[in-house]
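*Asks:* I'd like to ask you about the structure that follows.
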Amino acid sequence: MNKETHLSDMKVRFRLTRRETDALRGLLDGLKNVDIAKNLMISEQTVKDHLSRIYKKMRVKNRFELMRSLVKSSGRKAKANISAPVPAKRELTEASLTDELTGMYNRRGFLALVEQQMKIARRQKKNVCMLHAEVERSETITDTSGPNGRDVLLRDAANILKDTFRESDVIALVGGDEFVVIPLGATEAEADRVVDRLQKNLELFNSKRDGKDALSISYGTSNYDPEIPCSVDELLLRAEAEKSKK
């Protein structure tokens, strides 16, 4: 579903005014509030007021949660059109965006969100930080905990990540034992502090395991610079390379 289709549906569903719809269009284009105000020839405070009303109507807290709701909306739309011909098979369903085991986004859901964030970063000339984390020792725990040991391990790792990062951050299980996190709006310094918190939360978790095999997570970070753009895959490779150095 493209942007204008989203806007049309949302205008009707949430009873948005013309000005609210115009402000939302600017937000979806990745514009700052001050730029939306200039385009609409209104004050920046008026833009903030419009967006606040939109968030309230949509029951979201900020633009990041709004973006997430749009991705899920695309999934629901595709599911509703399941009786359509072959093209519907390629549409993103809500289930196809989510990992069943952890409840997090899967690789497809992650890519849908991160591409949007990189587009916003380019428009606003702001960096995007990425953390790549990989769960280690999964075979050992599977051997000692039975056939479901690996699933337990991944759920534990997912819960640690959820406790470490904000609800508005993008957290996804993108591979067998690999997670990726985009701490939305975080600077490199802020991302480093969150990584320190992740390490402390991991140590705290292991201290309560009563002699069981310790959960081990290796991680690395990378940074997307809109002045030197790169692909999502390249950003992931950089984070993996940084992980191998630790």
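One line per residue, one yes/no per condition, for (1) under 20 Å from T187 (Cβ atoms); (2) not hydrophobic (A, V, I, L, M, F, W, C):
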residue: Q199; (1), (2): yes, yes
residue: E203; (1), (2): no, yes
residue: S216; (1), (2): no, yes
residue: Y219; (1), (2): yes, yes
residue: Y224; (1), (2): yes, yes
residue: E227; (1), (2): yes, yes
residue: C230; (1), (2): yes, no
residue: E234; (1), (2): no, yes
residue: A241; (1), (2): no, no
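*Asks:* Collect the residues in the stretch 1-26 that are part of a helix (DSSP H, G or I) and at pLDDT 80 or above, keeping them in residue-number order.
*Replies:* Result: K11, V12, R13, R18, R19, E20, T21, D22, A23, L24, R25, G26.
*Asks:* Taking the stretch 10-69 as the search range and keeping residues that are within 24 Å of K119 (Cα to Cα) and aromatic (F, W, Y), which one is surrounded by the fewest Cβ atoms within 10 Å (Cβ to Cβ)?
*Replies:* Within the stretch 10-69, the match that is surrounded by the fewest Cβ atoms within 10 Å (Cβ to Cβ) is Y55.
*Asks:* Taking the condition of being farther than 11 Å from A133 by Cβ and either within 15 Å of the chain's Cα centre (by Cα) or surrounded by fewer than 17 Cβ atoms within 10 Å (Cβ to Cβ) (or both), how many residues in the stretch 176-198 meet it?
*Replies:* Summing the residues that are farther than 11 Å from A133 by Cβ and either within 15 Å of the chain's Cα centre (by Cα) or surrounded by fewer than 17 Cβ atoms within 10 Å (Cβ to Cβ) (or both) in the stretch 176-198 gives 15.
The values are calculated or read from the model by the stated rules, or taken from the named source; none is laboratory data. None of the values given here were measured: they were computed from a predicted structure. Glycine also receives a Cβ, built like all others from the backbone with ideal geometry; neighbour counts cover every protein chain displayed.
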